[in-house]
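Okay, structure first, notes after.
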Amino acid sequence: MWGGRFSASPAEIMEEINASIGFDKRLAPQDIAASKAHAAMLAETGIIEKADAAAIIEGLDKVGAEIAEGKFAFSRALEDVHMNVESRLKELIGTPAGRLHTARSRNDQVATDFKLYVRDRIDALSAALAMLQLAMVRKAEEHAATVMPGFTHLQPAQPVTFGHHMLAYVEMLGRDRGRLADARARLNECPLGAAALAGTSFPINRHLTAETLGFSKPTDNSLDSVSDRDFILETLAAASICAVHLSRFAEEIVLWSTPQFGFIKLSDKFTTGSSIMPQKRNPDAAELTRAKVGRIAGAFQSLLMVMKGLPLAYSKDMQEDKEVAFDALDSLTLAIAATTGMVDDMQPQPATLLAAAGSGYSTATDLADWLVRVLKMPFRDAHHVTGRIVAAAEAQNLPLDKLPLADMQAVEPRITADVLTVLSPEQSVESRVSHGGTAPQNVVKMAAGWRKRLESDQPKG
């Protein structure tokens with residue numbers, strides 16, 4: 001490839017550090033699609049003959065078929081996917097293959113290929129997240145009225161419903177899909193035609209290639225076109241946040257499935273045993289999902305460090321963008337699939353959840369609210385009175401709704417039997433009817449809204 005300028009072959013170690021074909025070969029479908037669009041544009045503008053363009057496109061289709069069928073022999077000596085495809089194209093069609101690289105560089109070529117690849121992966125990730133959201137919505141509908149403890153500081157706080165808890169993650173994943181959509185919209189400008197860094201003197205039509213490849217427009221600055229890796233940085237940032245959400249849910253699955261919690265059961269499909277302890281049922285799928293965030297966030301940090309000190313325009317450092325990105329997006333795809341499987345598989349335990357919801361005096365806030373609402377007591381005073389009543393219940397080892405009314409009246413004489421209507425966990429969740437609250441009727445309504453939105457997102461046919 002360098003025969004016109006170099007008289008000797010690269011050193012072995014140079015080949016070792018320089019070659020990227022081991023990982024960038026997965027860009028072959030995008031490389032072929034972009035090359036076909038480029039060849040068609042070159043013919044349309046009269047830069048090459050239409051017959052040559054037709055031969056190039058037909059040859060590229062053959063190369064693509066060989067790759068898809070596993071019959072293509074990638075050569076490390078040719079460094080990367082671009083030169084491998086072009087070399088095979090020359091073997092198939094001869095001289096016309098040499099015209100394909102007119103008015104482009106590997107710099108704008110790889111930027112285009114990588115954008116096409118990331119765009120495809122964003123679409124696939126968003127679809128997978130929608131399926132996970134639907135799985136959570138189904139679980140929310142099934143358990144809209146299943147009472148469970150809500151926690152702050154991992155201490156019992158207030159009762160909520162299991163369905164409400166599921167919908168919290170549906171909201172998180174909705175924001176993740178929004179971030180991915182934002183990244184997709186910003187990356188959807190076509191670098192092809194920016195050439196090495198300065199554009200080209202050939203009368204190319206960059207709008208045509210952009211339209212052909214499904215981009216909204218061509219990029220507006222040739223230097224930025226080949227220098228930019230914001231699109232993968234932004235995608236990895238969104239992926240990292242998404243992975244954190246999956247990790248938080250995985251942590252809860254790990255906790256909930258322990259005998260100490262006993263909130264859910266997972267089947268053999270998503271647990272493993274121990275080589276020495278026959279009683280064990282380990283939530284390995286959740287634990288591995290929890291661990292994936294390290295690889296995904298690490299990829300984001302790795303690429304930030306690669307890009308932070310690079311001058312314009314292209315530097316070979318940028319070859320390091322792909323391997324970490326491929327691994328991160330693969331890891332996130334697997335984590336989403338595993339989480340979807342666990343949501344479908346897990347069986348909440350309503351009796352255990354209800355019993356736990358009543359522990360730790362979780363309806364104390366309901367008592368304080370009753371004092372404010374019925375006795376018109378300032379909240380700070382109500383907070384103090386409630387604290388004394390909780391202390392009395394704790395001294396007798398009784399839940400609040402079992403504490404004798406007389407004991408409550410000993411603290412605050414104006415308390416009536418009506419207070420007993422707000423002190424059970426079931427009564428607590430039913431009262432939380434404010435928008436976004438945990439009341440079962442809210443959960444049913446919000447789940448129905450999410451189901452409608454998500455099902456309308458599904459591909460038709």
| task | Taking amide H positions as placed in the peptide plane 1.01 Å from N, state which residues far from T272 in sequence (5 or more) or on other chains have amide H under 5 Å from it. | result | N282, D284
| said: At 1.4 Å probe size, what's the solvent-accessible area of R99? Round to the nearest 10 Å². | reply: 100 Å²
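Quick one: pull the percent of accessible area on the range 17-102 belonging to carbon and sulfur, 1.4 Å probe, ligands and nucleic acids left out.
52 percent
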| message | Under 5 Å between amide hydrogens, which residues at least 5 positions from A157 or on another chain qualify, with H placed 1.01 Å from N in the peptide plane? | response | G150, F151, T152
| message | Can you work out the Karplus-derived ³J(HN,Hα) for every residue in the range 405-410? Use 6.51 cos²θ - 1.76 cosθ + 1.60 with θ = phi - 60°, whole Hz, and x for glycine or proline. | response | 4, 4, 5, 5, 5, 5
| Using the beta-carbon distance between H101 and R76 and R0 = 22 Å, what value does 1/(1 + (r/R0)^6) give for FRET efficiency, to the nearest 0.05? | 0.60
| field | Computed label-point distance, nm, for sites A448 and N221 using a 7 Å Cα→Cβ extension | value | 5.1 nm
| query | Counting only heavy atoms of protein chains, what accessible area per residue, in Å², does the chain have with a probe of 1.4 Å? | reply | 48 Å²
| remark: Carbon plus sulfur, as percent of the 1.4 Å-probe accessible area of the range 289-348, comes to 58 percent
| remark: If amide H atoms are modeled at 1.01 Å from N in the peptide plane, then the residues at a separation of 5 or more from A195, or on another chain, having amide H under 5 Å from its own are S105, D108
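At 0.36 nm per residue, and after removing the present C-alpha to C-alpha distance, how many nm does the segment from T258 to D182 gain when stretched out fully? Don't skip to the end; give the middle numbers.
On the way: separation 76, 0.36 × 76 = 27.36 nm, distance 3.86 nm.
Extending this stretch completely gives an extra 23.5 nm.
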| field | Rounded to the nearest 20 debye, dipole of the range 105-207 from Cβ charges on Lys, Arg, Asp, Glu | value | 200 debye
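Calculate what fraction, in whole %, of the accessible area of the range 366-461 sits on carbon and sulfur atoms when a 1.4 Å probe is rolled over the protein chains.
Carbon and sulfur atoms account for 56 percent of the accessible area of the range 366-461.
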| message | With the crude spin-label approximation of a point 7 Å out along Cα→Cβ, what separation in nm comes out for I276 versus E394? | response | 4.0 nm
| Hey, what do the phi angles of the range 208-223 turn into as Karplus ³J(HN,Hα) couplings, whole Hz, using 6.51/-1.76/1.60 and θ = phi - 60°, x for Gly and Pro? | 5, 5, 4, 5, 4, 8, x, 7, 6, 5, x, 5, 9, 9, 5, 5
| request: Give, rounded to the nearest 20 debye, the magnitude of the charge dipole that the range 225-358 has about its Cα centre when Lys and Arg contribute +1 at Cβ and Asp and Glu contribute -1 at Cβ. | output: 380 debye
| note | For K25, counting only lysines whose alpha-carbon sits under 20 Å away and dropping same-chain residues fewer than eight positions off, the answer is K36, K62, K71, K90, K115, K316, K322
| query | Applying the Karplus parametrisation 6.51 cos²θ - 1.76 cosθ + 1.60 with θ = phi - 60° to the phi angles of the range 160-165, what ³J(HN,Hα) value in whole Hz is obtained for each residue in order, glycine and proline being reported as x? | reply | 9, 10, 4, x, 5, 4
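The values are calculated or read from the model by the stated rules, or taken from the named source; none is laboratory data. The model shown is predicted, which means the values in this text are computed figures rather than measured ones. In this analysis, Cβ positions are derived from the backbone assuming ideal geometry, glycine residues included, and neighbour counts consider all displayed protein chains. Note: accessible area is taken over every heavy atom of the protein model, side chains too, but ligands, DNA and RNA are not part of it. Shrake-Rupley method; radii C 1.70, N 1.55, O 1.52, S 1.80 Å.
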